[in-house]
1. Per the Kirkwood treatment, what hydrodynamic radius in Å, one decimal, follows for segment 24-105 from the mean inverse distance over all distinct Cα pairs?
2. Would you order 44, 79 from fewest to most other beta-carbon atoms within 10 Å of each residue's own beta-carbon?
Amino acid sequence: MIRLIYLMLAAMFLYSCGNSRPSGVLAEDKMQEVLWDYVQADVFAKDFISKDSALNDTAENIKLQKQVFAAHKITREQFYKSYEYYLHHDNDMKVMLDSLLARQTRKKALLDSQRVKKPLIESKIPS
């Protein structure tokens, strides 16, 4: 009987170690998608909205964040709880950030390859 109890406790311990992400924390793939859009919105707010003196950049940034959360069907609290979790789990955060960096690198390479380079001086020699 005692062995059965120890076996059950060991099984519960192993199960809890394998499933260590608390409830309410976004899965890595979902968090990566949200974080990508969140960062894009933040960059937009800093690079463009902050230059418009008629707009309050903090208020506009909050609006953009709300749009990101709504698009991903999550709450602000879910995002920040998940963000806090990943900040304290270095390996998971590193994987996520590496993926985001690779995504940005691919996006930049695609944009660079699509950019048509015009000659600096067009030839006016008639054919």
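1. Details: mean 1/r = 0.0743 Å⁻¹.
Kirkwood hydrodynamic radius for segment 24-105: 13.5 Å.
2. Values: 44 14, 79 19.
Starting with the residue having the fewest Cβ neighbours, the order is 44, 79.
Bear in mind that the values in this text are calculations on the coordinates, not laboratory data. Not measured: the values here are computed from a predicted model. Here the Cβ is made from the backbone with ideal geometry for all residues, glycine too, and neighbour counts use every protein chain on show.
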